[in-house]
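Contents: one structure, followed by commentary.
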Amino acid sequence: MKDVLWKLMKRHLRYSDVELEEFKKNPTNTVVLDKIEDLSNMEIRVEVIQSNGCNTGYKVGETFYYDGPGNLINGKSSRNNCGFLLGVIPSFIYAIHELIYAGINPEDIKLRFNRAGCFDVGVANCGWGRVIVEVSVVKKLK
């Protein structure tokens with residue numbers, strides 16, 4: 001099975017044979033491939049729970065979904081992407097990945113600090129608006 005995964009990674013990442021061999025030498029990549037099924041069966045959900053004065057117009061309840069590897073699922077996510085808000089999401093994706101690589105079942109991941117906000121500090125603090133999101137891991141809906 002591992003050989004099939006290596007071949008899939010080679011094709012997906014468009015590696016040459018030399019690059020694949022280099023990739024295989026890194027033991028971290030083996031750990032990641034061992035968890036590929038867990039990553040494939042989950043999504044990361046980011047929901048707007050507070051919004052005031054948002055230039056992009058985000059409203060409470062708007063939701064963004066990322067696939068297990070961390071790619072935004074465009075057709076399933078809210079229409080606009082604001083770099084000031086979505087720029088805080090990668091650290092959550094990284095933390096979730098690290099928990100999975102450490103052996104935590106994605107369905108058991110409950111982040112203690114699961115909220116973040118856009119860089120704008122809001123009108124009360126000389127900004128324009130403020131958006132807060134909550135991040136969670138959900139079983140992939142088929």
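The values are calculated or read from the model by the stated rules, or taken from the named source; none is laboratory data. The structure presented is a predicted model; accordingly, all values stated were derived computationally and were not measured. Note: ideal-geometry Cβ built from the backbone for every residue, glycine included; neighbour counts use all protein chains shown. For the accessible areas, the whole protein counts, side chains as well, though only heavy atoms, and no ligand, DNA or RNA atoms are used. Shrake-Rupley method; radii C 1.70, N 1.55, O 1.52, S 1.80 Å.
Each residue of the range 94-102 was assigned a 3J(HN,Hα) from its phi angle through the Karplus curve 6.51 cos²θ - 1.76 cosθ + 1.60 (θ = phi - 60°); the sequence is 4, 4, 5, 4, 4, 5, 5, 4, 7 Hz, with glycine and proline shown as x. Remark: the range 66-77, residue by residue, has Karplus-estimated 3J(HN,Hα) of 10, 6, x, x, x, 8, 4, 8, 4, x, 9, 9 Hz, where x stands for each Gly or Pro and the curve is 6.51 cos²θ - 1.76 cosθ + 1.60 at θ = phi - 60°. Applying the Karplus relation 6.51 cos²θ - 1.76 cosθ + 1.60 with θ = phi - 60° to the range 9-25 yields 3J(HN,Hα) values of 5, 4, 5, 4, 8, 6, 7, 7, 4, 5, 5, 4, 4, 5, 4, 5, 5 Hz, where x marks Gly and Pro. Among Leu85, Leu99, the order of accessible area from largest down is Leu99, Leu85, computed with a 1.4 Å probe on protein heavy atoms. A full extension of the chain between Asn74 and Val123 corresponds to an added length of 14.6 nm, given 0.36 nm per residue minus the alpha carbon distance. Accessible area per residue (1.4 Å probe, heavy atoms of protein chains only) ranks Leu8, Leu111 as Leu8, Leu111, with the largest value leading. For the range 5-44, the Cα-based Rg and Dmax, in that order, read 11.0, 33 Å. On a per residue basis, the convex hull of the C-alpha atoms belonging to the range 1-88 measures out at 130 Å³. Think of each Lys and Arg Cβ as +1 and each Asp and Glu Cβ as -1; about the Cα centre, that makes the dipole of the chain roughly 300 debye. Once both labels are positioned 7 Å from their Cα atoms along Cα-to-Cβ, the gap between Glu37 and Lys7 label points is 1.9 nm.
Summing charges over neighbours of Ala102, with a neighbour being any other residue whose Cβ is under 13 Å away from its Cβ, gives -3 when K and R count +1 and D and E count -1. For the range 69-142, the C-alpha radius of gyration divided by 2.2 N^0.38 Å, with N the number of residues, is 1.27.
Sorting Cys118, Cys126 by accessible area puts them as Cys126, Cys118; the probe is 1.4 Å, largest comes first, and only protein heavy atoms count.
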